[in-house]
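*Asks:* First the structure, which I've put down as structure tokens, then a few questions once you've had a look.
Derivation of every value follows stated rules applied to the coordinates shown; laboratory data play no part. All figures in this text were calculated on a predicted structure; none of them were measured in a lab. No Cβ is skipped: glycine too gets one built from the backbone with ideal geometry, and neighbour counts run over all protein chains shown.
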Amino acid sequence: MNKPQVNIAHAVTEDYRKTLEQIIRDGVCPFCVDFCQGNKPRYHPNPIIIETDWWAVTKNMRPYPGSSLHLLLVYKKHVLYPWEIDQKAWDDLRNVMKKLATDYSLTHGTLFQRFGDTEFTGASVTHFHGQLIVGTSRNEGTDPLVVYCGYKVPGK
Ligand SMILES: [Zn+2]
């Protein structure tokens, strides 16, 4: 791949920055290497929890602070946009979510998917994927979980 498939500006730790630098030197998409080719992951340290024909689910290597669960749901083809996802994969995602809800006794959570140019979304990997984040309830002393979903428009 010619264009880098990761955005080093969004590395939040020094270790992650080093991993992204290696991925750029290798000239690959890390999610294609780790989740789409049937090989042992080269960059991602956590095992695949659920794998279907369409999705690979794993724990995020850098869970958001304060989350009790933070999973990545990686589409197993290299696409950048949700409209490139096969309809069967959307149906399958519903099944994956239902299994995760059962396996982790989920009654709540946040599922989000960034797409497109990472300079606008805050993502570090271009390959289309979802993130499932679980926190706790709003009680005295709890703060909101913060998710990067892009950058504020000045003056808005
Ligand atoms: Zn990819």
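*Asks:* Output the number of the condition that H78 fails; it satisfies all remaining conditions of (1) surrounded by fewer than 19 Cβ atoms within 10 Å (Cβ to Cβ); (2) within 10 Å of the chain's Cα centre (by Cα).
*Replies:* (2)
*Asks:* Let me ask something else. Scan region 117-129 for residues that are of a type outside the set (A, V, I, L, M, F, W, C) and away from the ligand (no atom under 14 Å from the Cβ) and jot them down. Don't jump to the end; show me each part of the working.
*Replies:* Step one: filter region 117-129 for residues of a type outside the set (A, V, I, L, M, F, W, C), giving 117-119, 121-122, 124, 126-127, 129.
Answer for region 117-129, where residues must be of a type outside the set (A, V, I, L, M, F, W, C) and away from the ligand (no atom under 14 Å from the Cβ): D117, E119, T121, G122.
*Asks:* On to the next question. Does region 111-120 include one or more residues that are surrounded by 11 or more Cβ atoms within 10 Å (Cβ to Cβ), part of a loop (DSSP other than H, G, I, E, B) and among the basic types (K, R)? Before you say what the answer is, go through the steps one by one.
*Replies:* As a first pass, look at region 111-120 and keep what is surrounded by 11 or more Cβ atoms within 10 Å (Cβ to Cβ): 111, 113-120.
Restricting the remaining residues to those that are part of a loop (DSSP other than H, G, I, E, B) gives 114-117.
Going one step further and asking which of them are among the basic types (K, R), we end up with 114.
Yes, region 111-120 contains a residue that is surrounded by 11 or more Cβ atoms within 10 Å (Cβ to Cβ), part of a loop (DSSP other than H, G, I, E, B) and among the basic types (K, R).
*Asks:* Only one residue in Y64, Y43 is in a loop (DSSP other than H, G, I, E, B), within 23 Å of P144 (Cα to Cα) and either away from the ligand (no atom under 16 Å from the Cβ) or under 16 Å from the mean Cα position of the chain (by Cα) (or both), so which one is that? I'd like the intermediate steps shown before the answer.
*Replies:* Details: Y43 fails: within 23 Å of P144 (Cα to Cα).
One residue alone meets the criteria, Y64.
*Asks:* Now for a different question. Since T102 meets every condition but one in (1) more than 16 Å from the ligand (Cβ to nearest atom); (2) crowded, with 16+ Cβ neighbours inside 10 Å, which condition does it not meet?
*Replies:* (2)
*Asks:* What pairs can you find where one residue is in region 59-87 and under 21 Å from Y16 (Cβ atoms), the other is among the aliphatic types (A, V, I, L, M) and in a helix (DSSP H, G or I), and their Cβ atoms are less than 9 Å apart, with a gap of 6+ or different chains?
*Replies:* Going by the 9 Å Cβ cut-off, the qualifying pairs are L69/L100; L71/L100; L73/L93; L73/V96; L73/M97; L73/L100.
*Asks:* Here is a further query. May I ask you to list pairs of residues, at least six apart or on different chains, whose Cβ atoms are under 8 Å apart, with the first in region 90-110 being under 14 Å from Y75 (Cα atoms) and the second being surrounded by 13 or more Cβ atoms within 10 Å (Cβ to Cβ) and among the aliphatic types (A, V, I, L, M)?
*Replies:* Final answer for the pair search is L93/L73; V96/I50; V96/V57; V96/L73; M97/L111; M97/L132.
*Asks:* Go through (1) more than 24 Å from Y43 (Cα to Cα); (2) in contact with a helix residue (DSSP H, G or I) (Cβ under 6 Å, 6 or more places away or on another chain); (3) of a type outside the set (A, V, I, L, M, F, W, C) for K152 and report which single condition fails.
*Replies:* It fails just one condition, (2).
*Asks:* Being within 13 Å of the ligand (Cβ to nearest atom) and either farther than 22 Å from Y148 by Cβ or not in a loop (DSSP other than H, G, I, E, B) (or both), is that true of even one residue in region 16-25? Before you say what the answer is, go through the steps one by one.
*Replies:* From region 16-25, those within 13 Å of the ligand (Cβ to nearest atom) are 23; that's our starting set.
Now drop any that are not either farther than 22 Å from Y148 by Cβ or not in a loop (DSSP other than H, G, I, E, B) (or both), which leaves 23.
Yes; the residues of region 16-25 include at least one that is within 13 Å of the ligand (Cβ to nearest atom) and either farther than 22 Å from Y148 by Cβ or not in a loop (DSSP other than H, G, I, E, B) (or both).
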